[in-house]
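First comes the structure, then the notes that go with it.
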Amino acid sequence: MDADLQEITRLWKVYRTIHQLCHDRGYLVSQADMDMDYEQFRTQFARNNVVDRSMLMFLVQKRDDPTEQLTVFFPDERSVGIKTARKYCEKMIAQGIRRGIVIYIKTITSSAQKVFAASSKKVEVETFQEAELLVNITKHQLVPKHVVLTPEEKLTLLQRYRLKETQLPRIQINDPVAKYYGLKRGQVVKIIRASETAGRYLTYRLCL
């Protein structure tokens, strides 16, 4: 397989996974985008066997709050720098979009990350390397189902078991599953595992 076809295959997998991720975070995403096959992707985005990454960019809205929007960017440079980071932040601010995800090819400079951090009061930008999204880790048979609790559900949990949140087991914010769901420090995730005796076994973890 030549380099162009390898890139098309890679981006097709990434494109499907990022749409599944957005869906799992509660955004409106079409089933067609989550299930898009290789030939459909190639026809739509890879004319002449070259993917136009600017066409991959998309905007989604939360199912329960259309005013909460998320933009996903696919920069075409192998190393994302300050210029691109500023461009994305400025675009989001101008359009009133609070959240963004940047999917980069190989690297993102520390200076670009500082731009995102400095803009965090106005926009929240997450970054994923393409390689992190080649497969949907939550669909792996060894990864149990994770459900992010709302603040109200978290409070109910702590009151029911008379716990302080610091008494809960922990999940690190850079854990691949935590990153997939966009967990923030202080959030609690419910983990549902199959159990031969009880049918299912529930545990809870606090993101730190």
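A few notes on this one:
- Test: residue in segment 68-89 that is surrounded by 18 or more Cβ atoms within 10 Å (Cβ to Cβ) and of a type in the set (Lys, Arg): no
- Flag for ASP33 being surrounded by 13 or more Cβ atoms within 10 Å (Cβ to Cβ), acidic (Asp, Glu) and more than 21 Å from ASN136 (Cα to Cα): no
- Residue within segment 158-178 that is among the acidic types (Asp, Glu), part of a helix (DSSP H, G or I) and over 18 Å from the mean Cα position of the chain (by Cα) present: yes
- Boolean, ASP4 is touching an Asp or Glu at 6+ places or on another chain (Cβ under 9 Å) and surrounded by fewer than 16 Cβ atoms within 10 Å (Cβ to Cβ): no
- Members of segment 29-40 that are touching a residue at least 12 places away in the same chain (Cβ under 8 Å) and within 20 Å of the chain's Cα centre (by Cα): VAL29, ASP33, MET34, ASP35, MET36
- Of the numbered criteria (1) without any contact (Cβ under 8 Å) to a residue 24 or more places away in the chain; (2) of a type outside the set (D, E, K, R); (3) at positive phi, the one GLY26 fails is (1).
- Scope segment 179-198; condition in a loop (DSSP other than H, G, I, E, B) and at pLDDT 95 or above; matching residues: GLY182, LEU183, LYS184, ARG185, GLY186, GLN187
- One residue alone among ILE191, ILE137 is over 14 Å from the mean Cα position of the chain (by Cα) and either outside the structural domain of ILE97 (by TED's automatic domain parsing) or under 26 Å from LYS62 (Cβ atoms) (or both), and that residue is ILE191.
- Residues (touching a helix residue (DSSP H, G or I) at 6+ places or on another chain (Cβ under 9 Å), without any contact (Cβ under 8 Å) to a residue 12 or more places away in the chain and surrounded by 11 or more Cβ atoms within 10 Å (Cβ to Cβ)) located in segment 156-208: LEU158, LEU163
- Checked against (1) of a type outside the set (A, V, I, L, M, F, W, C); (2) in contact with a Phe, Trp or Tyr (Cβ under 9 Å, 6 or more places away or on another chain); (3) loosely packed, with under 12 Cβ neighbours inside 10 Å, TYR15 meets all criteria but (3).
The values are calculated or read from the model by the stated rules, or taken from the named source; none is laboratory data. Keep in mind that this is a model prediction, so the values were computed, not measured. Cβ atoms come from the backbone with ideal geometry, glycine included; neighbour counts cover every protein chain shown.
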